[in-house]
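The values are calculated or read from the model by the stated rules, or taken from the named source; none is laboratory data. Everything numeric in this text was worked out from a predicted model, so none of it was measured. Methodologically, a virtual Cβ is constructed for each residue, glycine included, from the backbone with ideal geometry; neighbour enumeration extends over all protein chains shown. When the accessible area is computed, the model is the full protein with side chains, heavy atoms only, and any ligands, DNA or RNA have been set aside. Shrake-Rupley method; radii C 1.70, N 1.55, O 1.52, S 1.80 Å.
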Amino acid sequence: MRGKWEVVRLWVLYCLLLSGFFQGVFSAFNLPRPPWKKQSNFGSSVVFPLVGNVYPKGYYQVTLNVGQPPKPYFLDIDTGSDLTWLQCDAPCVKCIPAPHSPYKPNKNVVKHKDPICASLHSPANHPRHTPDDQCDYEVEYADHCSSLGVLVRDAFPVKFTNGSSIAPPLVFGCGYDQEVPASEHAPYTDGILGLGNGKSSIVSQLSSLGFIRNVVGHCLSRQGGGFLFLGDDVVPSSGIVWSPSESSEKHYSLGPADLLFSGQATGIKSLPIILDSGSTFTYFNSDAYKILLSSIKKNIDTKQLTDAVNDKSLPVCWKGSKPFKSLIDATRYFKPLTLSFTKAKNIQLQLTPEAYLIHTDKDNVCLGILNGSEVGLGDVNIIGDISMLDKMVIYDNEKQQIGWVPANCNKLPS
C-alpha cells in the first residue's frame, strides 16, 4: 500500500448477503465507555516513537494501544488518507498476514447517524439506510489495495507531554476484508493510521474533543525510526519554513512549484506538490520526470558512475567505479534540487542528493524519484518519505499551513 498516492473512496455497501452475514455480529451498538474526563490539553502533544525506514522496509509504523484492556497494534502512518483502520475479526473474511491478532469488536459499532459516518457518506447517494444502520466503509488506494469493513468506536489510551493521560473513545475502521494485488507488497502492520484533515482522522477527533490543537507532524530518521506527534507542544518556536497549505480532506498540498536543478531553472514549472507520508518515494509527472532524469544524467561523470542494469531495487540505478559503502560516498556525484513555490514568496524546499537517492544492498545508488504517470498518478506530484528524512514536518490544520525544519529525528522530544 506504499509508494503511491493514497486516495480514499468511501461508500455504503449494498450487498444483502454481507449485511445478513454480519447482522448477528453487529446487532448491538452500545459502547461501554471507559472512564475519561473531557478537558483541555491545548498546548500539549502526544508523541509516538516510530519504527521503519525508506529502504529496504519501505514504510514507518507506529504502535497504538486500542481497547480496554488496551492491546497494541502496529499501524502504517499515512498523511495521504483520513480513516484509521485495523484488521478485524468480525469474523475476518480476508485478512493479510499481520503482527497481531485481528481486533475483535464488542457491541461498539458506529451507527449511520453518527456525524463521523455522515462525513464519509453523502446522504443523497445512500437513501436505503436508516439512521440506526451500521456504518460500513470501503477504502481504496491508488495502488488498488483496499479495506472493507464497518466503523467502530473504542478507547485509545494516550499520554500527553504534560503528563496527563486519557482514553477517549475514537472512531476507526474494523476491516474484515483486505485486498492486496499480487504485484504489491503490503506493509507488515495491523492497519493504517490515517492522518489527513478529514473528520474521521484520529487527530481531528482528538481536536474536536478538545484535547489537542489540530496539528500533526512527523520526524523520519534517515537511520531508521523517528517520531510522530499529535498537537503543537513539540513544534519549535523558530527556524521553521512555513508555507500556506492548500489542504483538502484528502491530502496536504503545498500548491504549485518550479523545479530547479543545481540552482538553475529546468523548465519544469507549476508542479502541484503534495506531501504524503504514505508514499515511500517521491513521484513527478511524466514530463517533469523525464526532464529531471535527463538533467541528472547529463551531469553524471561517466568515469565514476555507470548504469547498474542488474540492480532492480528501483527503475534507475548507478554503480560506482568502486562499490559505494554508504550513501554519502555517492552523493558528491549528484546535484541538489530545489522546489520553489510560486504562490508563496521566497519559500523553497531544498532536496539534497540524500533526499532523492537510496543506497542499495548491492552497494549501488538508485534514484528515489519515480515516474508518477506510470503508476496512475497523472499530473499529481508527491513528496514521499525519502524527501522528508531528517526534517520535522508539521501539518497545522488550524492555521492552514505546512512547515518543515531540519531536525534530529533520532531523539524523541521531551
Tally the residues that are more than 19 Å from L259 (Cα to Cα) and polar (S, T, N, Q), restricting the search to the stretch 332-365.
-> 2
Filter pass, E354 being touching a Leu at 6+ places or on another chain (Cβ under 9 Å), among the charged types (D, E, K, R) and either within 27 Å of G239 (Cβ to Cβ) or surrounded by fewer than 17 Cβ atoms within 10 Å (Cβ to Cβ) (or both) | yes
Residue hits (the stretch 248-260; hydroxyl-bearing (S, T, Y) and either open to solvent by 40 Å² or more (accessible area, probe 1.4 Å) or not in a strand (DSSP E or B) (or both)) are S248
Residues being surrounded by fewer than 22 Cβ atoms within 10 Å (Cβ to Cβ) and assigned to a loop (DSSP other than H, G, I, E, B) - total across the stretch 154-163 = 5
Give just the number: which of (1) under 25 Å from G224 (Cα atoms); (2) touching a strand residue (DSSP E or B) at 6+ places or on another chain (Cβ under 6 Å) does P353 not satisfy?
-> (2)
Number of the exception - S101 against (1) part of a strand (DSSP E or B); (2) among the polar types (S, T, N, Q); (3) open to solvent by 50 Å² or more (accessible area, probe 1.4 Å) | (1)
Being buried (at least 23 other Cβ atoms within 10 Å of the Cβ) and modelled with pLDDT under 95 is the filter here, so list the residues in the stretch 220-242 that pass it.
-> none
Residue hits (the stretch 264-300; open to solvent by 50 Å² or more (accessible area, probe 1.4 Å) and not in a helix (DSSP H, G or I)) are Q264, A265, G267, K269, S270, P272, N299
Of these, D82, D132, which one is in a loop (DSSP other than H, G, I, E, B), among the acidic types (D, E) and open to solvent by less than 30 Å² (accessible area, probe 1.4 Å)?
-> D82
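A quick yes/no check of all residues on (1) open to solvent by 20 Å² or more (accessible area, probe 1.4 Å); (2) part of a strand (DSSP E or B); (3) among the charged types (D, E, K, R):
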site: V152; (1), (2), (3): no, yes, no
site: D177; (1), (2), (3): yes, yes, yes
site: A182; (1), (2), (3): yes, no, no
site: L193; (1), (2), (3): no, yes, no
site: G198; (1), (2), (3): no, no, no
site: S204; (1), (2), (3): no, no, no
site: G210; (1), (2), (3): no, no, no
site: H218; (1), (2), (3): no, yes, no
site: E246; (1), (2), (3): yes, no, yes
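For the stretch 193-214, name all the residues that are under 21 Å from L120 (Cα atoms) and among the β-branched types (V, I, T).
I202, V203
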Just to be sure, is K391 open to solvent by 50 Å² or more (accessible area, probe 1.4 Å) and not small (G, A, S)?
-> no
